[in-house]
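Participant: Submitted below is the structure of interest, expressed as structure tokens.
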Amino acid sequence: MTAPELRVSIQSDDFDTASEIAVLTQGRADIGAIVTFSGICRNEGGRLKALELEHYPGMAETEISRIAHQAAKRWPLTHLTIIHRYGMIRPGENIVLVVAASTHREAAFDAAAFLMDFLKTRAPFWKREHLKDGSEGDWVEAHEKDETSASRWSD
Amino acid sequence: MTAPELRVSIQSDDFDTASEIAVLTQGRADIGAIVTFSGICRNEGGRLKALELEHYPGMAETEISRIAHQAAKRWPLTHLTIIHRYGMIRPGENIVLVVAASTHREAAFDAAAFLMDFLKTRAPFWKREHLKDGSEGDWVEAHEKDETSASRWSD
Amino acid sequence: MKLVYFAWVRERIGKAEEEIALPDNVGTVGELLAWLKGRGDGYEAALRHADAIRVAIDHQHVEHRASLAGASEIALFPPMTGG
Amino acid sequence: MKLVYFAWVRERIGKAEEEIALPDNVGTVGELLAWLKGRGDGYEAALRHADAIRVAIDHQHVEHRASLAGASEIALFPPMTGG
């Protein structure tokens with residue numbers, strides 16, 4: 001199986017999901033299935049002004065690339081894109097994007113879900129809330145169930 | 001749980017995945033996760049000129065809406081879009097799009113995968129190949145494994 | 001009663017739809033398939049492996065044991081290959 | 001050896017990074033956490049529940065039983081909440 005094209009970007013700027021998909025399909029006719037996951041900042045019932053994402057520069061790239069390579073080894077993918085933002089992110093804005101392309105839909109679905117489970121539990125990012133009333137909110141707590149989701153992929 | 005916004009379209013025209021996603025996120029800040037599935041016509045190693053999709057008008061809409069409502073009952077979704085094309089579709093063009101939006105990623109992933117499994121096995125569409133050499137190819141055969149995929153959702 | 005055919009079922013039978021009057025002893029989908037099969041070579045070719053044929057009554061998938069009572073449009077087609 | 005801190009570990013310790021010289025009897029990640037905890041109130045607050053602290057050596061996640069031998073950058077942080 002040929003190695004998929006891989007694109008990993010850790011950036012503060014917003015990105016355009018549409019053009020990330022377009023880039024992938026342009027001039028190719030061997031891709032049968034594309035699954036995308038977009039993680040978007042919620043307003044949490046209106047009380048949130050922004051999420052601040054702190055990250056560990058250097059390790060974030062390394063760790064996400066490592067996860068991407070694991071997915072590429074496990075499923076027959078033609079392309080994999082992972083973009084993760086850091087810095088201040090307002091409600092409605094993108095936080096993370098995963099695009100998995102394959103000839104078959106199961107591989108694209110599984111790879112995208114796998115990547116998200118591992119981004120949640122292994123990528124060195126931490127979210128803190130900034131509230132509408134101007135106060136600095138708490139650090140978001142990790143969820144036990146994210147660990148459980150990630151553990152389902154071990155075989 | 002509130003019923004999700006639902007959009008089902010059976011059409012011969014191509015569609016724009018990007019604007020389908022954009023429509024959904026515009027002016028909303030309660031969506032945390034969007035999963036999209038795009039099914040794209042492959043060229044099958046270069047031998048395919050086009051896929052012709054025959055469908056059963058009337059039943060296609062009814063059956064896809066039924067599947068969409070099942071997904072909406074089963075997972076907490078804020079939005080669901082299903083577009084399925086019919087007619088002549090060339091390699092690289094879209095065949096089908098599913099967009100599932102939710103506050104949580106598991107619901108969005110599962111709903112999108114569920115919808116695709118049931119579109120494959122329950123939506124009244126039939127693919128026939130048209131070959132590059134000008135000849136009319138065969139009707140595409142149904143895969144046993146699509147039935148198996150669909151059966152994993154029965155509980 | 002209206003019968004509609006799709007994909008290779010339509011091609012083998014040689015028409016997309018027809019109106020038929022059912023004999024009294026045809027009460028289920030399975031009986032309909034068996035009866036249709038005897039109507040000529042095209043029907044015979046289309047319905048040779050009747051088990052594989054999918055049927056919808058008024059736009060709803062049904063099993064072969066389903067009753068035809070009250071049906072106004074019955075569709076016969078191969079396993080679906082959309083998505 | 002360089003130590004780097006993130007999120008509330010960074011805030012409680014009151015700095016983002018520091019250079020330290022390890023005592024000879026600190027050979028594993030677990031021993032490092034225990035030793036750091038005794039260095040003052042900020043460290044004590046950050047490392048009170050040491051089991052919950054995640055550690056990376058030179059950009060790789062490691063367990064608390066891992067050896068520090070050869071490490072040049074050690075990172076301490078809470079469970080991750082990206083994605």
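Participant: Report, for C:Arg48, each distance to the same residue's label point in the other copies, shortest first and in nm; define the point 7 Å along Cα→Cβ.
Facilitator: Output for C:Arg48: 7.8 nm, nearest copy listed first.
Participant: Considering amide H positions built from the backbone, and no H for Pro or chain starts, which residues 5 or more places from C:Arg54, or on another chain, come under 5 Å of its amide H?
Facilitator: For C:Arg54, whose amide H was placed from the backbone, the distant partners under 5 Å are C:Phe77.
Participant: What's the local net charge at D:Thr28, with K and R +1, D and E -1, over the other residues with C-beta under 10 Å away?
Facilitator: Values: positive: D:Arg65; negative: D:Glu31, D:Glu63.
Result for the neighbourhood of D:Thr28: -1.
Participant: Enumerate the calculated ³J(HN,Hα) couplings along segment B:73-85 in order (Karplus 6.51 cos²θ - 1.76 cosθ + 1.60, θ = phi - 60°), each rounded to whole Hz, writing x wherever the residue is Gly or Pro.
Facilitator: Per residue, the Karplus-derived 3J(HN,Hα) values read 6, 8, 10, x, 10, 9, 7, 9, 10, 10, 10, 10, 8 Hz.
Participant: Same structure, new question: Using all Cα-Cα distances in segment B:65-155, what percent lands in each 10 angstrom bin from 0 up to the longest?
Facilitator: Here the calculated profile for segment B:65-155 is 15, 41, 30, 12, 3.
Participant: At C:Leu22, label 7 Å along Cα→Cβ: distances to the other copies, nm, ascending?
Facilitator: For C:Leu22, the other copies' label points sit at 8.1 nm, shortest first.
Participant: Enter the Cα centre distance for the pair segment A:123-155 and segment C:39-83, rounded to the nearest angstrom.
Facilitator: 52 Å
Participant: Further question on the same structure: Please compute, for peptide D:24-35, the average count of beta-carbon atoms on other protein chains lying within 10 Å of each residue's beta-carbon.
Facilitator: Values: counts 0, 0, 0, 0, 0, 0, 0, 0, 0, 0, 0, 0.
Average per residue, whole number: 0.
Participant: At q = 0.19 Å⁻¹, work out log10 I(q)/I(0) for segment A:3-155 with the Debye formula, treating every Cα as an identical point scatterer and leaving solvent out; two decimals please.
Facilitator: Normalising to I(0) and taking log10 leaves -1.18.
Participant: Name the nearest-to-axis residue of chain B, judged by Cβ distance to the rotation axis taking chain B onto chain A, and quote that distance in whole Å.
Facilitator: Taking Cβ atoms only, the nearest residue and its distance are B:Ala18, 1.
Participant: Further question on the same structure: Taking θ = phi - 60°, what integer Hz values does the Karplus form 6.51 cos²θ - 1.76 cosθ + 1.60 yield along segment C:19-28, in sequence order, with x for Gly and Pro?
Facilitator: Once θ is set to phi - 60°, the couplings for segment C:19-28 become 9, 9, 9, 7, x, 4, 7, 9, x, 10 Hz.
Participant: Additional query: Over every pair of different alpha-carbon atoms in the protein assembly as shown, take the mean of 1/r and invert it; report that Kirkwood radius in Å.
Facilitator: On the way: mean 1/r = 0.0397 Å⁻¹.
Its Kirkwood hydrodynamic radius stands at 25.2 Å.
Participant: Let me know the mean shielding of A:121-129 by other chains, meaning the per-residue number of their Cβ atoms within 10 Å of its Cβ. Mind dumping the intermediate values first?
Facilitator: Values: counts 7, 5, 4, 10, 7, 11, 5, 4, 0.
Rounded to a whole number, the mean comes out at 6.
Participant: Another question about this same structure. Hey, what do the phi angles of segment B:11-22 turn into as Karplus ³J(HN,Hα) couplings, whole Hz, using 6.51/-1.76/1.60 and θ = phi - 60°, x for Gly and Pro?
Facilitator: Rounded to whole hertz, the list is 8, 8, 5, 5, 9, 10, 3, 4, 6, 5, 6, 4.
Participant: Past 31 Å, Cα to Cα: identify those pairs from A:Lys49/D:Lys2; A:Lys132/D:Lys15; A:Lys73/D:Lys15; A:Lys132/D:Lys2; B:Lys127/C:Lys37; B:Lys49/B:Lys120, in the order given. Before the final figure, lay out the partial values.
Facilitator: Values: A:Lys49/D:Lys2 35 Å; A:Lys132/D:Lys15 27 Å; A:Lys73/D:Lys15 39 Å; A:Lys132/D:Lys2 37 Å; B:Lys127/C:Lys37 25 Å; B:Lys49/B:Lys120 22 Å.
Check vs 31 Å cut-off fails for A:Lys49/D:Lys2; A:Lys73/D:Lys15; A:Lys132/D:Lys2.
Participant: Give the long-range amide H neighbours of A:Val140: residues separated by 5 or more places, or on another chain, with amide H under 5 Å away, using H modelled in the peptide plane at 1.01 Å from N.
Facilitator: A:Lys127, A:Arg128, A:Glu129
Participant: Another question, then. Given the peptides A:83-90, B:87-94, arrange them by the average over their residues of other C-beta atoms within 10 Å, most packed first. Walk me through the numbers on the way to the answer.
Facilitator: On the way: A:83-90: 19.1, B:87-94: 16.5.
Taking the mean over residues of other Cβ atoms within 10 Å, the ranking is A:83-90, B:87-94.
FYI, it's all coordinate maths here, none of it is from the lab. Predicted model, so just to flag it, every value in this text is computed and none were measured. FYI the Cβ positions are ideal-geometry reconstructions off the backbone, even for glycines, and counts take in every protein chain you see.
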